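The values are calculated or read from the model by the stated rules, or taken from the named source; none is laboratory data. In this text, all values refer to a predicted model and were calculated from it rather than measured experimentally. Note: ideal-geometry Cβ built from the backbone for every residue, glycine included; neighbour counts use all protein chains shown.
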Amino acid sequence: MKPIILEMQAFGPYRERMQIDFRDLGQTQLFLITGPTGAGKTTIFDAIVYALYGKTSGSSRQEAELKSDLASDHELSYVYLSFELGGKTYSVKRIPQQKGPSPKTQRPINLKANVTFDRGDRVFQKTQEANQALEELLGLSVDQFRQIVMLPQGEFKQLLEAPSREKEVIFRKIFTTYQLKNFQDDLLAKKQTLEKEMGQDYQALKEDQAAILDLLDEASQEALREAANQEDFASFGDQVAEALEDQRASVKAAEKKIGDGQAESQALNQHLERLKEADRLAQVQADLDQKSSVYHKAKADWDFYQKTRPLAKNQADLEQLAEVISQERKRLGEVEAEASRYQAAKEAAQSSLEASQDSYAQVDDWEEELAQMRLEEHDLKSWLKKRENIQALDQSIQASQKKLLALQENQARLEQKIDLAKEKAQQIQAHWLNPDDLLKERYQLENKQAAYATYRHLMASKQEQADQFSQLELAYQAAQETWRQTQSALEAGRLREQADYLGKLAADLVPGQACPLCGSLDHPVPYEGTSDQEGPVPDIASLETEERQAYQDLTQLGSQLGYAQKEFQQLINQLEDQAKEGGFSSDLSEEDRRLKDQADQLLAKEKAQAQRQRDYDQVQEDLVTYQAKQVAVKQEEGQLRERLDNQESQYKDLKEDMQALAAQLNYQEMDALLAAEKELEQKIQKVKEAYQKAQASFQAASDQVVRLKAQKDGLEESLGRQDQRYQEGWSHFQASLADFDLTAEDLSTYHRADKDWSAVEKFWRNYEQDRYALDQQIAKNRQALATREETLDLDQTQARLKEVSDQVQKEQKFRDSRLTQLARLDQLDQAFSARLARYQAQSQHYGELVLLAEVANGTRSGSQRISFERYILAYYFDQIIQQANRRFKQMTSGRYQFLRDHTDKGGIAAKGLDLAVMDYYSGSSRSVQSLSGGESFKASLSLALALSDVIQNHAGGIEISTLFIDEGFGSLDEESLHQAMDTLIELQEASGRLIAIISHVEELKQELPVQLAVTASPAGSRCAFRGLTG
């Protein structure tokens, strides 16, 4: 991936839209990003990583912090990046979550983060899909990208000094060994789960044993307790099965006793019921014997009643026939009276009908006259309608004439307004300012304001750097004094040590023995120094260390002082250039006032010009409106004249039609005509109704007379037949009474209606049925009692039945208790057997799982304590070390080489990924934490570059064409800096990568003339390439 164009707006310190075109670099692919602290150098890296992954370049910046604090809610924060990969060009634009302008209304709203990724063949706009497509295209996760493409500030030494456990986390993200880690964790989880399950099953087995023992009797408990104490679960289970069989046998014996007792109890209950039934039947027989006389009388009465029933019915029929004859005679009298009344009504109706026939004969003439009136009504309506139309037409003509006059007046007013608008437009144009001049003046003012903001910022920086320079001078002077004191102390210590040494030698000289210094046997003038001075001899090594440290501090402060002096001089030069170019004075308040006056004057011009533009636009708009209204008025006037001509022609035609129609009418008003019509209609209706009423009355009376005569004849004929039938029936009834020796009154009394003969019949029939059923039951009961061999009375049977029932209940209670116990024991035995089988299987599997989990996670005692994952990562780490040593040895002039620390440090700490360095000056290895700041930077840079190479190979040759390095060079001395730069130049020339470096080191600015300069101002930061050729 190689960036082409990076564009930012309202992003970090960059408020305005800022575009960086990397194509401007041409063949120069190694450049420096420089600028003051906080200006926004690292933000450039943040923007690239955010565009590609939606995250920042380091771990300290969050997405919510990306929008510029200088930007308002009306300004949209976004990042756009186009880049080249594999010979193709791609682009991505991201908008972070923010409060920004609405796409529709431009009002501030809460905007969600969104992305647009153009892959060439498809555009992605869903965040998850775009992120996935970008990561697949780049072939790197964001963690891998950070490690090999971007080396963020403050995170250089993370990989170098991290222990095995932290390196394992870093490499896991880069080399995606999550499956191995998950496999190891899964084995541990399974082991722990199995341990927990086995512990639970063991505890459950012990609880099952205790529950089973509690259910058994003492004899069974004694046999099982020994197996339970020895935790012999299998033997315990076998003995429980035997105890269960004994329990089942005792239950079967109890059930047999219960069955025998229940059979005997059932037989005794039957015998007891039969004895009770015999007593009951005897009582029923006595009751029936008492009802015998009543039964015989009721049977005799019932028989006589049945023999005389036909005669009683004959008597009732005759009485009913006599009643019918009486009713018909009464009805005949009523019909005769009604016939007389209808005959009189018929005669009166005939007289009325004859009286109305004269008037009814004139109805036809009246109806013809009414029809003529209705025809004239239609003509009158037409004449009246025309009269209304001509009145309305006359009013419309007057309104049109009035409106025509108003239109002519409006036309004159519009012509006057048009002339005034044209005159006003000419006046505005006379005071018009050239827009290009205003834009040019605005552009010049903004440039001057931006330059002045930079000038003010430089003035503030000048004072700040002057203060810092003063503090550095004081610190440098203090360091000089400290160094001089350590030098003096060291020199004094060395003299003291020498004097003490020579004094000891002089004291040890023996005449005739060789001097250890000159070898002479004679010692004419021995040393008389201060070997006998008081106090201990100073520690020369400590004094030398203090002197070296003081010198290093002095050198470092001198370098910083020189760098600060150069920066301060550059600032002074830049300030002078800025003042000369912008014509600014040192009096900032005067410059503020002057710029404000210029801005106010320009703003006043712009406002006046804007007002003139608005006035001119309004005049033009009014002019167009007046002209459009003028055209509309002319069109309306022509249409109105045409309509007026038509209305006058219509008025003339209607006037002539009305005069012709008025000559044919008898009535001039509709009310008079309608009143005459109504009067004639009522007269016709009254005559018709009187005639029809008389005709209907005559016909109705005639019909009733005929009907009543027919009814009278029918009644007279029916009375004759009924009288003959009654006489015949009465003679036969008298003969039948003589046969039974009864009178009519006696027969009526015997068959009176209030006597319930059905109850008499029911009584004697029930008696006979009860007597028959009783005889059958007595015979059946005696036969049943005779079947029992043992003869027991009622009291003896009840006593024997209670004895048998008590015994059955006792056996049932024993059986139920044993069944409950047996069910619980059986349930516990099944659970115990299933749990025991699972526990035995788990015990066999547990040993294998423990071995596998400990080996996979590197916790096996006696092993190297390296997990599967760490073993694989160590392979990659060896490749990284091999690649890093090429550059590390070059940058340290062959002094250092990386080593993977294989030392067993004991304990349970993670091992296998620790790092050490071989120091060829001392000939021994030591920890990377012992490296100095500059050495640590070289080591970190070597590892980062090596990691980049290894990941490319591991990921199948991913194209990594860019490297960004954020700070770290400040800790290098001049020689180390040249070595690091030689390594980067060699890397760039060999790989063709685009390499960008952020640093404040002055030597780097001289080494790298092509720079992306970032400048800060109150209005926001800006950046631009400088040092480009061509």
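Residues considered: Q372, Q327, Q350. Of these, the only one that is assigned to a helix (DSSP H, G or I) and touching a residue at least 40 places away in the same chain (Cβ under 8 Å) is Q350. Of all residues in the stretch 212-230, those that are surrounded by 12 or more Cβ atoms within 10 Å (Cβ to Cβ) and not in a helix (DSSP H, G or I) total 1.
Taking the conditions exactly as written (polar (S, T, N, Q), surrounded by fewer than 18 Cβ atoms within 10 Å (Cβ to Cβ), at pLDDT below 90 and under 24 Å from A1019 (Cβ atoms)), does S60 satisfy them or not? Break it down stepwise before answering.
On the way: polar (S, T, N, Q): yes; surrounded by fewer than 18 Cβ atoms within 10 Å (Cβ to Cβ): yes; at pLDDT below 90: yes; under 24 Å from A1019 (Cβ atoms): no.
No: the conditions fail for S60.
State whether the residues of the stretch 385-392 include one that is buried (at least 16 other Cβ atoms within 10 Å of the Cβ) and closer than 16 Å to Q647 by Cβ. Yes, the stretch 385-392 has at least one match.
For the residues L972, L977, L984, L941, the requirement of being under 30 Å from Y14 (Cα atoms), of a type in the set (A, V, I, L, M, F, W, C) and in the same structural domain as L25 (by TED's automatic domain parsing) singles out L984. If you go through the stretch 573-590 and keep only what is under 11 Å from Y455 (Cα atoms) and either aliphatic (A, V, I, L, M) or in a helix (DSSP H, G or I) (or both), you end up with Q574, L575, E576, D577, Q578, A579, K580, E581, G582, L588. Can you tell me which residue within the stretch 921-948, out of those that are charged (D, E, K, R) and more than 52 Å from the chain's Cα centre (by Cα), is surrounded by the most Cβ atoms within 10 Å (Cβ to Cβ)? Checking each candidate, the answer is E935. Within the option set A399, A453, A412, A406, being in contact with a Pro (Cβ under 6 Å, 6 or more places away or on another chain) and on the phi < 0 side of the Ramachandran plot holds for one residue only, A453. Only one entry of Q722, Q734 meets the criterion of being of a type outside the set (K, R) and either over 12 Å from L311 (Cα atoms) or outside the structural domain of K313 (by TED's automatic domain parsing) (or both), and that entry is Q722.
Pairing residues of the stretch 568-592 that are within 25 Å of F469 (Cα to Cα) with residues that are β-branched (V, I, T), at Cβ distances under 9 Å and at least 6 apart in sequence or on separate chains, gives Q574/T454; Q578/T454. Kindly provide the set of residues from the stretch 999-1014 that are in contact with a Gly (Cβ under 9 Å, 6 or more places away or on another chain) and either of a type in the set (F, W, Y) or modelled with pLDDT under 90 (or both), ordered by number. S999, H1000, V1001, E1002, L1008, P1009 - these are the residues of the stretch 999-1014 that are in contact with a Gly (Cβ under 9 Å, 6 or more places away or on another chain) and either of a type in the set (F, W, Y) or modelled with pLDDT under 90 (or both).
Within the set Q601, Q647, Q630, Q578, the sole residue that is in contact with a Ser or Thr (Cβ under 7 Å, 6 or more places away or on another chain) and modelled with pLDDT of 80 or more turns out to be Q647. Taking V115, is it of a type outside the set (S, T, Y) and surrounded by 12 or more Cβ atoms within 10 Å (Cβ to Cβ)? In short, yes.
Take the conditions among the hydrophobic types (A, V, I, L, M, F, W, C) and outside any helix (DSSP H, G or I) and apply them to L708. Does it pass? No, not satisfied.
For K424, state whether it is more than 30 Å from L595 (Cβ to Cβ) and modelled with pLDDT of 85 or more. In short, yes. Within the stretch 635-651, the presence of a residue that is in contact (Cβ under 8 Å) with a residue 40 or more places away in the chain and not in a helix (DSSP H, G or I) is excluded.
Of everything in the stretch 768-817 that is buried (at least 16 other Cβ atoms within 10 Å of the Cβ) and basic (K, R), the residue that is farthest from the chain's Cα centre (by Cα) is R771.
I'm told S1021 meets every condition in (1) surrounded by 18 or more Cβ atoms within 10 Å (Cβ to Cβ); (2) touching a helix residue (DSSP H, G or I) at 6+ places or on another chain (Cβ under 7 Å) except one. Can you identify the failing condition by its number? Here S1021 meets the rest and fails (2). Here R860 meets each of (1) closer than 17 Å to K190 by Cβ; (2) not in a loop (DSSP other than H, G, I, E, B) with one exception, condition (2).
Here T859 passes the criteria (1) of a type in the set (S, T, Y); (2) in contact with a Lys or Arg (Cβ under 8 Å, 6 or more places away or on another chain); (3) at pLDDT 80 or above except the one numbered (3).
The combined condition, being outside any helix (DSSP H, G or I) and at pLDDT below 75, is not fulfilled by L433.
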